[in-house]
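> First the structure, which I've put down as structure tokens, then a few questions once you've had a look.
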Amino acid sequence: MNWKIEAENHAVSCLPHESCGLLAIIQGQETYWPCKNLAESKFEYFVMSPDDWADCEDQGEIIGIVHSHPNDVPQPSENDKASCEYLGLPWYIYSPKVKQWVSFKPSGYKTPSLIGRSFVFGVHDCWSVITDWYQENKNIKIPHTKRPKTIKQFLKNPLFEKTLPKLGFKEIEGIDNIQIGDVLLMESVKNVLAHTALYLGDSTILHHSLYKLSCREQFDLHYQKATKKIYRYETKKN
């Protein structure tokens, strides 16, 4: 069976939600690999299961990203185009409503906003929104930090405490000394330091929680209690 037919059938079976999957070369054939959509609002966007991605990668070579637009024409969103650039893979979108396909490849697109991004682990997550803020607002390019294949693996060993100092961030003491651009290392639901947020000033943070959209929020008592460490970027002196 043609991989597109399998993807179309998967899209229909997932209605009214978005389907998602991978196009891979497995045993010498183009194969559609269906994945779970972990997004909170599955009818608006998709968050591909990192575990399904890792399973597919173990079986063959991933050559494309596939998902559906269940209630609209298959035109790529800003998140689609930004994720395509980051992953460096072709994207394929199918609309079961109009029964049409659209495909596109990386072309140098840059996302216009840090707000409203769909969560894609390693692409659009709590750390990438911070590095992109530094690039846009400070013209500082923070080196990419390679993530584990799955979120489960990451939660077992979050790495932030080890990597932040290596990337030029110095730990500071006390929430009272917080400044714009400081990185807040927070305790996650697993009671590990696995979430980061950026302080924007005026008691506001920018962050991207698991399976949600990136957003600004008040740095309220809940987030203050969750914040266990604070890091500040040190400008290199000549």
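> State all residues of the stretch 10-29 that are outside any strand (DSSP E or B) and of a type outside the set (D, E, K, R); if no residue qualifies, say none.
The answer is 10, 11, 12, 13, 14, 15, 16, 17, 19, 27, 28.
> Restricting attention to the stretch 128-155, which residues are surrounded by fewer than 17 Cβ atoms within 10 Å (Cβ to Cβ), under 19 Å from residue 211 (Cβ atoms) and without any contact (Cβ under 8 Å) to a residue 24 or more places away in the chain?
Result: 153, single match.
> Go through the stretch 23-37 and report how many residues are closer than 25 Å to residue 208 by Cα, out of contact with any Leu (no Cβ under 9 Å at 6 or more places or on another chain) and not charged (D, E, K, R).
1
> Continuing with the same structure: For the stretch 184-198, which residues satisfy the criterion of being in a strand (DSSP E or B) and closer than 15 Å to residue 127 by Cβ?
Those that are in a strand (DSSP E or B) and closer than 15 Å to residue 127 by Cβ: 184, 185, 186, 193, 194, 195, 196, 197, 198.
> Please go through (1) at pLDDT below 85; (2) on the phi > 0 side of the Ramachandran plot; (3) hydroxyl-bearing (Ser, Thr, Tyr) for residue 203 and return the number of the only condition it doesn't satisfy.
The number of the failed condition is (1).
> If residue 139 meets every condition in (1) within 30 Å of residue 187 (Cβ to Cβ); (2) more than 19 Å from the chain's Cα centre (by Cα) apart from one, which number is that one?
The failed condition is (1).
> Could you list, in sequence order, the residues of the stretch 156-184 that are over 30 Å from residue 49 (Cβ atoms), surrounded by 14 or more Cβ atoms within 10 Å (Cβ to Cβ) and in contact (Cβ under 8 Å) with a residue 60 or more places away in the chain?
168, 169, 172 - these are the residues of the stretch 156-184 that are over 30 Å from residue 49 (Cβ atoms), surrounded by 14 or more Cβ atoms within 10 Å (Cβ to Cβ) and in contact (Cβ under 8 Å) with a residue 60 or more places away in the chain.
> Right, next: For the stretch 185-194, indicate whether the set of residues that are more than 21 Å from residue 157 (Cα to Cα), modelled with pLDDT of 95 or more and not polar (S, T, N, Q) is non-empty.
No, there is no match, as no residue in the stretch 185-194 is more than 21 Å from residue 157 (Cα to Cα), modelled with pLDDT of 95 or more and not polar (S, T, N, Q).
> Condition (residue is assigned to a loop (DSSP other than H, G, I, E, B), among the acidic types (Asp, Glu), under 20 Å from residue 229 (Cα atoms) and out of contact with any Ser or Thr (no Cβ under 8 Å at 6 or more places or on another chain)) applied to the stretch 156-171: is it met by at least one residue?
Looking for residues that are assigned to a loop (DSSP other than H, G, I, E, B), among the acidic types (Asp, Glu), under 20 Å from residue 229 (Cα atoms) and out of contact with any Ser or Thr (no Cβ under 8 Å at 6 or more places or on another chain), one finds none in the stretch 156-171, hence no.
> Evaluate the following for residue 187: is it loosely packed, with under 14 Cβ neighbours inside 10 Å and either under 18 Å from the mean Cα position of the chain (by Cα) or on the phi < 0 side of the Ramachandran plot (or both)?
no
> Which one is modelled with the lowest pLDDT, of the residues in the stretch 32-65 that are over 19 Å from residue 104 (Cβ atoms) and in contact with a Phe, Trp or Tyr (Cβ under 6 Å, 6 or more places away or on another chain)?
40
> While we're here: Of the residues in the stretch 200-238, how many are touching a residue at least 24 places away in the same chain (Cβ under 8 Å), over 18 Å from the mean Cα position of the chain (by Cα) and assigned to a strand (DSSP E or B)?
Count: 7.
The values are calculated or read from the model by the stated rules, or taken from the named source; none is laboratory data. Just so we're clear, the structure is a prediction, and the values are computed from it rather than from any experiment. FYI the Cβ positions are ideal-geometry reconstructions off the backbone, even for glycines, and counts take in every protein chain you see.
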